[in-house]
Structure formats: C-alpha cells, structure tokens
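One structure is given below, encoded as structure tokens.
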Amino acid sequence: MIKVYPSILACDFERLAEEIAEVEAAGADGLHVDIMDGHYVPNITMGPVIVSAVGRAAQVPFDCDLMITDPLHYAEVMAKAGPRGFFFHPETVDDPQAAIEKIRSLGVRAGIAINPDEKAAQVRRLLAEADYCLVMTVFPGFGGQDFVDSALDNVKAARDAFSGDIVVDGGVSPETAALVAKAGANILVAGSAVFGREDRAAAIAEIRQAAEAAE
Ligand code: DX5
C-alpha cells in the first residue's frame, strides 16, 4: 500500500499548525520534516523548536531527515517531540552501525538516507541494519528541485535488498510517483506538489493513484 507524506518544508510556516491539519484532513498518511544546518547542506531550515511544534500539532506519524553534521546530538534533543524516526546521512557519522543503535535507544526508528550519487552496493550494505530507508531523488538542500532519474537505481537496489519501508523524497509529483512506486518505494514524500496546490486532497490523491496504478 502506498503512503503519501507531505514535506512541511514547502508549507506556509506562518500557519504551520493549520497547514498540518489541512494536509491531514486531505489524506496525508504522515509528515516529513527536513532538518538542515547550513553545514551538511547549504540551507538552514528547522531545529528543535519547530520539530517540537510539529509534534504538538501532528496527529499522524512524522519522520525527520537529519541533513546536519551532528545528527546524533540533535536526534537526542528532538526525540522528545515524538517523531516516528530519524533518517541520518551515513557520511555524517563515524560509525553508521553505532548511529543506528544510538537512535534506536531513543525509542524511535533509525533510518539511512541515501543520496543520488550513492552506489548501489553501498546502499545494500548500509540497509542491512536499518529500520527503514530514505532514498533521495534530488540532492539534499532545497525543495522544488527536479527529480533525478538516475536515483531510481537506488530505489531498485534498496528494494532488492530490503523488505521494510522505502521512503522517497525529492521531486515527487503525480508524474514521477509512478516511477518510484514501480521501482519499489512505498512511502512518497512530496513538498511542492502538495503544498503548492490549492486543493491538497486532489494533490495527495493524484500522487497516490499514480503510484498505486504503477505498483
Ligand atoms: C531536499 C528536500 C526536499 C523536500 C521535498 O533536501 O528534502 O526533497 O523534502 O520537496 P519537493 O517535493 O518540493 O521536491
């Protein structure tokens, strides 16, 4: 079954709680929260204060993608907000296996995030120990980027190696939803394709239908 997780990076932050309630009413299965620190990626987004607000507002599960150089410290700080889990980028830690265990010890899922230039063999190796994975279909840093077609190979490699949740993030729209679902993704993150539309229910339904038709 396909799930759609709007990425709040694309929401109107002046109305954060209302935006979350709107997409939940529109059929969102969960939410995706992009944490960026201006070091690992050239952009700064949300920190613990906003994640805590998301935790209070959200009725559905939410995942945080830690696009930061110190994911374990901030995972500990932000776990109190009640996310379902954290994705970290393996190159930001000394020991990915230890990072997975540390995140799990916080009582949440530990996920590996895979950038488009990651090699399939590396993807398989990292996935062996993770609870779920995030395959990036754009290079991390900004919403609204074009989908990177070559990242579909990582979705396929992940699905070949792993039976758990494979989340895709970046440039997901009704057009690209079919491609990622066919490659094996089951949770689709979409920012601009949901929050950029007036009719969020139609946006979510179109992504879900396109993906389910291609599965
Ligand atoms: C990139 C971001 C985006 C965001 C989704 O670092 O992580 O992928 O969640 O944005 P759209 O759907 O606009 O590509």
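Karplus-derived 3J(HN,Hα) values for region 167-184, using 6.51 cos²θ - 1.76 cosθ + 1.60 with θ = phi - 60°, are 9, 10, 8, x, x, 7, 8, x, 6, 7, 4, 4, 5, 6, 5, 5, 6, x Hz; glycine and proline are entered as x. When DSSP beta bridges are restricted to pairs lying wholly in the chain, around 5% turn out antiparallel. Placing a label point 7 Å from the Cα of Ala25 along the Cα-to-Cβ direction, the residues of region 196-212 whose backbone N falls under 12 Å of that point are 200-201. Between Ser150, Ser192, Ser173, the GNM of the chain built on Cα springs shorter than 10 angstrom shows Ser150 fluctuating the most. Stretching Val60 away from Ala205 to a fully extended chain increases their span by 50.5 nm, per 0.36 nm per residue minus the current alpha-carbon distance.
Size descriptor for the chain, Kirkwood hydrodynamic radius: 16.8 Å (Cα pairs only, one decimal).
How much of the accessible area of the chain, probe 1.4 Å, is carbon plus sulfur, in whole percent? Please list the in-between numbers first.
Details: 4480 of 9000 Å².
About 50 percent, which is the carbon plus sulfur part of the accessible surface.
Tell me the per residue accessible area of the chain using a 1.4 Å probe; a whole number in Å² is fine. Could the numbers behind the result be given before it?
Working: 9000 Å² over 215 residues.
Using a 1.4 Å probe on heavy atoms only, each residue of the chain averages 42 Å².
Sequence-ordered 3J(HN,Hα) estimates for region 123-131 from the Karplus curve with 6.51, -1.76 and 1.60 and θ = phi - 60° stand at 4, 5, 5, 5, 5, 3, 9, 7, 7 Hz, glycine and proline given as x.
Amide H contacts under 5 Å for Ile68: His89, restricted to partners 5 or more places along the chain or on a different chain, H placed in the peptide plane at 1.01 Å from N. Backbone phi angles across region 90-97, fed through the Karplus curve with coefficients 6.51, -1.76 and 1.60 (θ = phi - 60°), yield HN-Hα couplings of x, 6, 8, 10, 6, 9, x, 5 Hz in residue order; Gly and Pro are listed as x.
Within region 175-215, the ratio Rg/Rh, alpha carbon atoms throughout and Rh by Kirkwood, equals 0.97. When you filter the trypsin sites (Lys or Arg not before Pro) in region 88-121 for DSSP loop state and at most 15 other Cβ atoms inside 10 Å of their Cβ, you are left with Lys119.
The values are calculated or read from the model by the stated rules, or taken from the named source; none is laboratory data. Because the structure is predicted, anything quoted here is derived from the model rather than measured. All Cβ positions, glycine included, derive from the backbone under ideal geometry; neighbour counts span all protein chains shown. When the accessible area is computed, the model is the full protein with side chains, heavy atoms only, and any ligands, DNA or RNA have been set aside. Shrake-Rupley method; radii C 1.70, N 1.55, O 1.52, S 1.80 Å.
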